[in-house]
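Please treat every number below as a calculation from the coordinates, not as lab data. All values derive from a computational prediction rather than experimental measurement. As a convention, Cβ positions derive from the backbone with ideal geometry for all residues, glycine included, and neighbour counts pool all protein chains shown.
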Amino acid sequence: MGVAFSINTVVHVIMYTYYGLAAFGPKMQKYLWWKKHLTRLQIGQMFFIMGYMIFGFLTGCEEFGNLEFYALVYGSITLILFLNFYRKYKGD
């Protein structure tokens, strides 16, 4: 799970950098052209982590337990929400 946590950490650093810059207001908008790429990165991260967890489950990884199962369910719901958000705002 260390790989998943590491990827999640990197994505969150990028994400909060975006939010920090956006907090400076409209004058920063010209520097935030990469918003849609950030959403794509988050979706890609979710697919990777869920695939990683499914692989662990299917190969009989001893560390896969109830927590990982619920994380997989939560991740699936979150992925659906992100995909709906991306579809709705992909033109922005």
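Applying 1/(1 + (r/R0)^6) with R0 = 35 Å to the Cβ-Cβ distance of LEU67 and THR17, what FRET efficiency is obtained, to the nearest 0.05?
0.75
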Subject >> Residue exposure sequence - GLU62, GLU68 - by fewest surrounding Cβ within 10 Å >> reply: GLU62, GLU68
**OP:** With +1 on each Lys and Arg Cβ and -1 on each Asp and Glu Cβ, and nothing else charged, work out how big the dipole of the chain is about its Cα centre, in Debye to the nearest 20.
**Re:** 800 debye
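Lysine pairs, Cα distance under 17 Å, 8 or more residues apart or cross-chain: how many in segment 1-91? Write down the numbers at each step before the final one.
Working: LYS27/LYS35; LYS35/LYS88; LYS35/LYS90; LYS36/LYS88; LYS36/LYS90.
Taking the Cα cut-off of 17 Å, the pair count is 5.
Give me ARG40, ARG87 sorted ascending by neighbouring Cβ count inside 10 Å, so fewest comes first.
ARG87, ARG40
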Original post:
So what is the calculated 222 nm ellipticity per residue for the chain, using -39500 (n - 2.57) for each DSSP H run with n of 4 or more, over all residues, to the nearest 500 deg cm²/dmol?
Top reply: -26500 deg cm²/dmol
Subject >> Relative contact order (percent, whole number), segment 1-91, Cα cutoff 8 Å, 6+ residue spacing >> reply: 30 percent
Original post:
How far apart, in nm, are the 7 Å Cα→Cβ label points at TYR52 and THR78?
Top reply: 1.2 nm
